[in-house]
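Engineer: Before I ask anything, let me first share the structure, which is written out below as structure tokens.
The values are calculated or read from the model by the stated rules, or taken from the named source; none is laboratory data. Note that the coordinates shown come from a computational prediction; the quantities given were computed from them, not determined experimentally. Note that each Cβ is placed from the backbone with ideal geometry, even for glycine, and that neighbours are counted across all protein chains shown. Ligands, DNA and RNA are stripped out before the accessible areas are found, and what is left, the full protein with its side chains, is counted by its heavy atoms. Shrake-Rupley method; radii C 1.70, N 1.55, O 1.52, S 1.80 Å.
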Amino acid sequence: MDGGGRFPESLSGDAAGRIGPARLAGAILGRLAGRVSPRSLSVRRARSGQRLSERLPRGVGVVAVSVSAAAMALAGFVASGRYDAFVAEQGRPLDIAARVAGFGVERVTISGISRMYEREVLAAAGIDWRSSVPFLDVNEVRERLLRVPLIAQASVRKIYPNEIAITQVEREPAALWQKNGEISVIAADGTVIDAMRDDRYASLPLVVGDDANTKLPEYLALIAAAGPLAERIKAGTYVSGRRWTLKFDGIDVRLPEADPAAALARLVRFEREAGLLEKDIIAVDLRMPDRLVVRLTEEAAAARAEAQKAKKKGAAS
């Protein structure tokens with residue numbers, strides 16, 4: 001073949017016979033080999049063996065290294081406890097972003113508050129200046145409020161952009177219950193709903209002793225039966241799980257287990273007729289239906305003893 005890819009000799013039968021089959025085959029193979037240059041082969045080898053870094057766009061490696069370094073730094077920040085300290089001081093990152101965008105909690109409206117203070121409701125709800133309206137979980141806030149014994153019902157809603165509205169129903173405190181030196185606030189059924197922490201509940205009736213909280217209806221009925229003396233009853237002690245002792249301005253009035261209301265009616269009569277509770281006494285025992293036993297103060301008892309001695313001495317002379 002010549003340089004243009006043409007055979008210089010005719011491929012007629014005579015020419016073929018003159019060059020021979022071997023020479024003809026060699027000429028054809030040589031020409032075919034000449035069509036694939038060494039340069040084209042080298043390019044194909046380079047492409048088939050190209051590294052991944054050469055195939056990716058420029059800058060991808062830098063970005064990957066930066067992301068990995070940031071992830072490692074964040075993991076170390078969390079593991080060291082500094083993230084928790086940051087959240088405790090500034091709030092969650094999402095809340096921070098929402099506050100910057102103008103959705104921080106700036107006002108909380110509380111409806112139905114009666115005996116609790118607003119700061120107590122906010123503390124129970126977990127809402128403060130770090131909170132944000134979009135990322136506040138109203139269901140979680142409601143559950144937190146319902147864990148407060150004094151709150152019977154609660155609802156929470158968002159008012160965009162900056163307000164949270166809380167509506168609550170408080171349990172009604174009915175009395176104070178003292179046991180082992182500790183005073184609790186109880187509902188009418190005896191359920192403990194709060195601790196006695198200040199003087200907010202000081203005017204409530206006071207019951208003392210084991211199971212006295214469950215007997216609150218009995219005690220309230222006794223107060224009602226005391227009539228004009230009801231305001232002078234300061235406390236009721238449930239004794240031995242059977243009966244009540246009432247405290248009247250420093251005077252203990254011991255009531256019977258059976259029909260204590262009738263015993264109180266006797267006390268009302270004695271007070272009306274003789275001003276019994278104005279005497280120098282520290283205790284009145286009404287447990288026996290046919291008699292009344294009183295215990296004098298130490299001074300009154302001493303004075304009475306001296307009077308009796310003088311009386312006997314005068315009678316002897």
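Engineer: Give a quick list of trypsin sites (Lys or Arg not before Pro) in segment 133-214 that DSSP marks as loop, anything other than H, G, I, E or B, with at most 13 other Cβ atoms within 10 Å.
Structural biologist: When the trypsin sites (Lys or Arg not before Pro) of segment 133-214 are filtered for loop state and at most 13 Cβ neighbours within 10 Å, Arg147, Arg197 remain.
Engineer: Whole percent per 5 Å bin, from 0 to the bin with the longest distance: what is P(r) over all C-alpha pairs of segment 86-210?
Structural biologist: 2, 10, 19, 18, 14, 11, 9, 7, 5, 3, 1, 0
Engineer: Can you pull the one-decimal nm distance between simple spin-label points at Arg295 and Ala97, each 7 Å off the Cα toward Cβ?
Structural biologist: 7.3 nm
Engineer: Let me ask something else about it. Please identify every one of the chymotrypsin sites (Phe, Trp or Tyr not before Pro) in segment 193-274 that sits in a loop by DSSP and has no more than 13 other beta carbons within 10 Å of its own beta carbon.
Structural biologist: In loop regions of segment 193-274 (DSSP not H, G, I, E or B), there are no sparsely surrounded chymotrypsin sites (Phe, Trp or Tyr not before Pro).
Engineer: Can you tally the net charge around Val105? Count Lys and Arg as +1, Asp and Glu as -1, for every other residue whose Cβ sits under 11 Å from the Cβ of Val105.
Structural biologist: Every neighbour counted, the sum reads 0.
Engineer: Taking the inverse of the average 1/r across all pairs of different Cα atoms in segment 173-311, what Kirkwood radius in Å do you get?
Structural biologist: Averaging 1/r across every pair of different Cα atoms and inverting gives 16.1 Å.
Engineer: Over segment 173-311, with every protein chain in place, what whole percent of the accessible area is carbon and sulfur at 1.4 Å, could you tell me?
Structural biologist: Exposed carbon and sulfur together represent 51 percent of the surface.
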